[in-house]
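Read the structure below first, then the notes.
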Amino acid sequence: MARPMLAAVVVLFLAVVAGQALPGCTSTEPAAETTEAGERALVLVSIDGYRWDYLDRAGVEQPTLRFLAEGVRAERLVPVFPTKTFPNHYSLVTGLHPSQHGIVANTMRDPERLVDGEPARFSLSDREAITDGRWWGGEPIWVTAQRQGLTAATVFWPGSEAEIAGVRPTHWLPYDGDLAYADRVDQALEWLDEGSDLVTLYFEAVDTAGHRHGPDADETNAAIEQVDAALARLVDGLRQRGRLETTDLVVVSDHGMAAVSPDRVVLLDDALDLDAVDVDWGEPVGVWPEEGQDPAALAEAISALPHLTAYPKADVPERLHYSDNARIPPVVVLAEEGWTASSRAYVERYPDRPSGGTHGYDNRDASMHGVFLARGPSFRSGHTTGPIQTVDVYGIVAEALGLDAAPNEGDAEAAARVLR
Ligand code: AMP
Ligand code: ZN
Ligand code: ZN
């Protein structure tokens with residue numbers, strides 16, 4: 001072969017190899033190839049209920065989270081309202097507020113779709129609902145990735161079990177809270193080995209302990225240590241593969257946690273006849289009036305109670321982005337941080353409740369804020385930045401992966417604050 005020709009072939013070969021090393025340039029046939037050390041990938045980790053200030057807790061061993069914070073650390077991650085698991089996880093991966101992506105609560109009803117004459121129902125323990133793409137709007141990051149030729153894998157994420165816009169992650173699993181954390185990490189590593197460009201991981205222990213025992217309990221600190229140990233296994237696994245320096249690790253949480261108490265309960269019976277309305281209990285409370293009842297009058301009566309503010313849905317403050325969806329209840333009741341709206345019948349039956357912690361409150365409350373940490377080749381190093389909004393994360397991850405983001409409600413400048 002003549003020399004110039006050989007040189008051209010070598011240059012072409014190098015260009016192809018280099019192209020494959022860049023996530024935005026790979027055109028991965030699903031599960032067709034195994035990954036070489038040096039190939040770029042991104043792992044998005046959610047630690048459910050990890051409050052923004054947990055990272056600085058004295059006496060809690062979390063060396064791996066602190067190692068990851070040496071990349072980029074946002075002062076806090078400001079969740080979307082309601083500060084609940086499903087709405088926030090789905091905002092993280094779509095860049096949309098719940099009113100736009102449709103997951104407006106963990107438990108909801110859709111008056112625009114009737115099943116046997118009743119509104120269709122959604123709850124996070126209902127597998128038929130969570131696997132039904134009709135509930136899930138927008139374009140989650142795994143769909144964006146796969147449409148643009150990358151391979152995505154989810155070791156749990158709300159929405160990952162449904163076909164959304166005709167697409168499921170190449171690799172996914174039915175949610176199983178009993179799956180050991182080491183097994184979740186090993187599954188993620190296996191899918192990275194098989195050529196996945198984007199992998200999600202999810203850990204619920206910090207949220208579970210926060211609910212049962214409260215944000216300040218030893219059990220919650222132990223759960224933080226348990227998740228940190230799982231992340232250590234991930235980091236070690238990447239290091240062993242020679243892939244730690246080429247993998248972006250992004251750690252987020254969906255919301256924080258506030259302590260609750262049976263001493264901080266307000267009874268809705270004191271404002272309205274609970275037999276004459278349908279109530280979605282929880283944080284926030286949703287009220288569905290009967291025919292002919294005026295939502296504005298109900299909201300006014302509830303707001304007259306201490307520690308509660310209720311809005312007819314059209315009047316929910318704009319900063320909460322919680323008006324524009326049929327699945328949002330006609331009356332939305334916000335309790336002050338740490339307070340619980342309940343009923344006389346419930347507190348008589350369960351006088352010791354609520355105890356421990358909860359979330360779902362106004363996203364302005366600091367106790368509801370989460371974390372954003374990122375370390376890897378795409379991210380700045382030794383960089384702290386101000387608050388990041390949950391709806392910004394989709395655009396950041398898309399840009400780190402070299403993807404064209406779908407239309408979203410995140411701040412277009414957010415990626416520049418954290419990426420190299
Ligand atoms: P929350 O009620 O907002 O605290 O929700 C946290 C709970 O959501 C976890 O403890 C899990 O039981 C549940 N959960 C989290 N992810 C999933 C998922 N992908 N599928 C079903 N349930 C989930
Ligand atoms: Zn959660
Ligand atoms: Zn929770």
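The values are calculated or read from the model by the stated rules, or taken from the named source; none is laboratory data. None of these values were measured; they are calculated from a predicted model. A quick note on method: Cβ atoms are made from the backbone with ideal geometry, for glycine too, and the neighbour counts reach across all protein chains shown. To get the accessible areas, we keep the full protein, side chains included, count just its heavy atoms, and leave off ligands, DNA and RNA. Shrake-Rupley method; radii C 1.70, N 1.55, O 1.52, S 1.80 Å.
Taking the Cα-to-Cβ direction at ASP324 and at LEU419 and moving 7 Å from each Cα, how far apart do the two end points lie in nm?
Rounded to a tenth, the inter-label distance reads 2.6 nm.
At R0 = 22 Å, how high is the FRET efficiency between ASP56 and ARG364 if r is their beta carbon distance? Nearest 0.05 is fine.
The formula returns an efficiency of 0.55 here.
Return the FRET efficiency for the residue pair TRP288, THR385: r is the Cβ-Cβ distance, R0 is 56 Å, and the value is rounded to the nearest 0.05.
For TRP288 and THR385, the calculated efficiency is 0.85.
State the extension gain, in nm to one decimal, for the chain segment bounded by SER123 and ASP218, taking 0.36 nm per residue of separation less the distance between their alpha-carbons. Could you put the intermediate results ahead of the total?
Numbers: separation 95, 0.36 × 95 = 34.20 nm, distance 3.02 nm.
Contour length minus the Cα-Cα distance gives 31.2 nm.
May I ask you to compute the full-extension gain from ASP176 to ALA314, defined as 0.36 nm times their residue separation minus their alpha-carbon distance, rounded to one decimal in nm? Write down the numbers at each step before the final one.
Details: separation 138, 0.36 × 138 = 49.68 nm, distance 3.75 nm.
Between ASP176 and ALA314, full extension yields 45.9 nm more.
Bin width 20 Å, alpha-carbon pairs only: give the P(r) of the chain as whole percents, running from 0 to the bin holding the largest distance.
26, 54, 17, 2, 0
At what distance in nm do the modelled label points of GLN240 and GLU190 sit from each other, each positioned 7 Å from its Cα along Cα→Cβ?
In this crude label model, GLN240 to GLU190 measures out at 1.4 nm.
Where both partners of a DSSP beta bridge lie in the chain, what percent of those bridges are antiparallel, to the nearest 5?
Approximately 55 percent, going by the DSSP bridge assignments.
How many nm separate the modelled label positions at GLU70 and ALA412, each set 7 Å beyond the Cα in the direction of the Cβ?
For the pair GLU70/ALA412, the computed spacing is 3.6 nm.
Using only Cα atoms, what is the ratio of the radius of gyration of segment 265-355 to 2.2 N^0.38 Å?
1.04
At 1.4 Å probe size, put THR385, THR220 in order of accessible surface, largest to smallest.
Ranked list, largest accessible area first: THR385, THR220.
Give me the net charge for the shell around GLU283: Cβ to Cβ below 12 angstrom, other residues only, Lys and Arg +1, Asp and Glu -1. Provide the component values of the computation, followed by the final result.
Numbers: positive: LYS84; negative: ASP280, GLU336, GLU337, ASP362, ASP365.
Local net charge: -4.
First select every other residue whose beta carbon is under 9 angstrom from the beta carbon of ARG134; then total the charges, Lys and Arg +1, Asp and Glu -1.
Residues near ARG134 contribute -1 overall.
For the chain, give the magnitude of the charge dipole about the Cα centre (Cβ charges: +1 Lys/Arg, -1 Asp/Glu; no others), in debye to the nearest 20.
Roughly 1560 debye, rounded to the nearest 20.
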